Amino acid sequence: MANLVLAVLTARRIARNAAPLACALALGGLVVLDAAAPLPPVVAAAALLVLLAALVHRARRRAAAIEASALLDLEVGALLVIATFAAVLRLDGSLDGGAHAALYVVIALVSAFARPGASLLVALAAAALEIAVRAAAARGAPTLLAAARAAAPHVGFMAVFSVLNAAVLRAEIGRVRRASSTRLKAEMDRLRDDARSYRLLSAPSHARGAAAQKGDDERLARSGVEEIHQSVLFALRLLRESLELYTAMLLWQNDAGTHLRISELASDAPNLSEGPFLSGDGVFGAAITQRAPVVVSGLKPGYKLPYYVGPSPVRAACALPVFEHGQLRGVLVVDRVEDRPFSPRELELIDEACRYAVRAIQNERVFVQLERAKVEQGKLYRAAEALGAATTEAGVVEAGVTSAREITSVDFAAVTLYDEAQKVHEIRAVSGEGVSELTGQRFRQNAGLVSMVLQNRHPLPYRGEYDEKRQVVFTRRVTPPPMPSIIVLPLLVHDRPLGTLVLGSRRRAAFNDSVRSTLEVLASHMAVSLSNARMMRRLEELATMDGLTGLLNKRAMLEVAEQKITAARRFSRRLSVLVTDIDHFKKVNDTYGHDVGDVIIKGLGDVLRRAKRTTDAVARFGGEEFVVICEETDARGAMLLAERVREELGRTTFHAAGSAGPVQCQVTCSIGVATYPEAGGTWEELFKAADEALYVSKRSGRNRSTAWSPSMRGGAHPSAAPAAPEPGAPVKGASQAPAAAAPAPAKGASQAPAAAAPALAKGASQAPAAAAPAPARAAAQAPASVRPAAAAPASARASAPAAPAPAAPQRRPSGGSAAVTPPGHDGAPSAGKRAAPATPARAPAEVEPRSKPKTRRPTEPDPVSNPKSAA
């Protein structure tokens, strides 16, 4: 379905893109037909309207596009050529008239604005259309060769116009673009120089940061320089008008102190020099050297001032040094045409203008610094927001690396985590080109930068300058890509090391002091988020995982079960549930201790984990009971899985340290299987069906797997023997049996040798002692299904009762008072092929109604915990 939708969408896109060219081709065909025989006026008018509509539509698209595609250029050019051919044929009646020159203009226009490939295709289309029109308009038997010969001069002119226009016009456009780019670059360089001279920007660096930071700095520099120029220009104009000056000019010194450059001026002089000027020239040098105002008057017409080209037009001049915090920053120069010296009052006003200009620069510098701090705080705020939203270690690492890229130029990033107990570092995540093999690398504490950073709790190397020949980041074998700038930041929470953040850049001095402080704040936020992610992961594990086995717990399994059953119902899939229970687990705990029982539970969990598929879910439901949910699995597949688990557990020998020394034991398990939808449509129904099948496995001798069937519903279990009697209670129906009859063996006794004394129900303890010899003490320590035991004699195995066979329950006659007891209702399991011993019918009062089996599992006489009754 998805492929069909994709094919339809692709076909629609192709048809939409090819529609304009198809329309142009159809209109070209109409032009050829019109040349052969004029079209009817209605058809011609309709074709003209379609042509104009298509041409206007594509031309508007082309005008609105900043970078048009070659296909759009081809469409517009083809429509223009067809419209021109139609107009020429209607005006002149042929292609040999004077109107044909318009076609050359169209070819030249298309060559000017279209891409070279589109221009070539339009020229070829024009040539083909002209040949076709001439062939259609020829009298007699037209031939393409004759039409091509007739059209050759016109085609040649088209080619000449196209090539010349493309060469000349495109060359001129390229020259204008280059000139504009050069002027723009010069203006930007001047703006940066002004900003650096006013201390609005730091010293030029090849690694000032990422593109976003460059944009922010340039924006701040432009606004700051503009504000300074406006303020200084206002002061100079005011000074010029108030003191009747000819020129008022502020010159600013470069960082080296060698040259002066015009910062702002107010003058009507046409012969001012643009500079820059040497700091020691004329009145500039005198003012800088004396560090005091220099006033000259009575200048002769031939006197030369450094900032005028040619003779000086002024007769009095004053140069005043400009200071900022005691440091010389520039010179303010004023002059006038009148031969009148500057009075002390005027010098005071000039000095006030100097201080005003300095204050304007300082104010703008503070504003730029505040604006830059605001930008940095915004980046940190976004980083803290992203780190706070990350709830996993991978999310924290990704948010941290992304935030670092926003702060500065980063070409390589890595996050290492530190295991303080084992003194081992692990590279958890990396970002960059060709560094994926570093992920997962582990190394011990060494003399590398990562280890030293965690030991010293301080970023390294100094100023972020990295020399790969002398410094090691991870180890000698595990190295990052060669880069001139690398910084390693510690990730600390309450002075406890979690790991490091390693950042690298291919630009030098990428991690200067301003960026370094911001990255340290980012690293502290990242450490806190990483600690929170670990804590959240631990809480989630405690809430969803079983602490002993590492499997899902009951609450998590119920959620997973609802999801999987919903998916099975939605997509009509099979789903099976396996309920597993360890046989005689209480005896294991009573005999060897609960620590050995924990080892066995963990072992069964490992068996189930190995046997399951990746899409299956395994949980410890409680005690020794486990549940497995298998997707896309029918009853047959579930039984195969159950048998595989049962057999593997039976082959496993568990080793543990018991109270009396090392213990080796083997256990078995019983498994019940239920499949959706046959066993039920909800989790409760499926689990109950699997539990009923598990009861059948238990009653049938344990160490087996049973699949649920509809005959088990309602408490009737045709494949299972009845539950064993409660300890201490007489077996039903056995009180009327003769004393010579063999006592009913307890559940599971079919696995014991016949020569040994079987475990009897407490109701059978009234038999003579000679009939049941006491078992040996060593054999009473654990049942045969829990630990290995000596093999029984062949005769004893032959006389042991076989596994119970399915027996249909006997229905109670409706008319009589007597009831027929089903086989095995006397407390003993069915003998399989052998006939069950006859039992007298019970009185009507003793007949119990059919009901579901009790939810409590039947208990058995325990020869280990109750040796007296066994004796």
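The values are calculated or read from the model by the stated rules, or taken from the named source; none is laboratory data. In this text, all values refer to a predicted model and were calculated from it rather than measured experimentally. Ideal geometry is used to build each Cβ from the backbone, glycine not excepted, and the neighbour counts take in all protein chains shown. Keep in mind that these areas ignore ligands, DNA and RNA; they rest on the heavy atoms of the full protein, side chains included. Shrake-Rupley method; radii C 1.70, N 1.55, O 1.52, S 1.80 Å.
Below, the figures for the structure above:
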| item | result |
| --- | --- |
| Of all accessible heavy-atom area on segment 58-99, the percent that carbon and sulfur account for (1.4 Å) | 56 |
| Accessible area of segment 304-418 divided out per residue, in Å², using a probe of 1.4 angstrom | 43 |
| Extension gain from residue 189 to residue 267, taking 0.36 nm per residue of separation minus the Cα-Cα distance | 25.6 nm |
| Relative contact order (%) - segment 420-548, alpha-carbon pairs under 8 angstrom, separation at least six | 19 |
| Sorted peptide list for 109-118, 271-280, criterion being average Cβ within 10 angstrom, highest first | 109-118, 271-280 |
| Cα shape, segment 410-470, gyration tensor, a/c 1.5 rule | oblate |
| Percent accessible area from carbon and sulfur atoms, segment 547-643, protein chains only, probe 1.4 Å | 51 |
| Solvent-accessible area per residue, Å², over segment 1-122 with all protein chains present [probe radius 1.4 Å] | 57 |
| Carbon + sulfur, % of accessible area of segment 325-476 - ligands and nucleic acids excluded, 1.4 Å | 51 |
| Cross-link pairs 185/374; 602/698; 586/698; 587/698 - those with Cα-Cα distance over 18 Å | 185/374; 602/698 |
| Cα gyration tensor shape of segment 55-175, rounded if a/c is under 1.5, else prolate or oblate by comparing a/b with b/c | prolate |
| Sorted peptide list for 42-55, 123-136, 508-521, criterion being average Cβ within 10 angstrom, highest first | 123-136, 508-521, 42-55 |
| Full-extension gain in nm, residue 177 to residue 109, via 0.36 nm per residue minus C-alpha separation | 22.5 nm |
| Cα principal axis extents for segment 239-317, largest first, Å | 33, 25, 22 |
| Per residue accessible area in Å² of segment 509-628, where ligands, DNA and RNA are left out and the probe is 1.4 Å | 46 |
| Ranked packing of 681-694, 296-309, most packed first, by mean Cβ within 10 Å | 681-694, 296-309 |
| Among 603, 566, 530 the positive-end extreme of the charge dipole of segment 464-612 (Cβ point charges) | 566 |
| Modelled FRET efficiency - R0 35 Å, residue 160 with residue 19, Cβ distances, 0.05 increments | 0.60 |
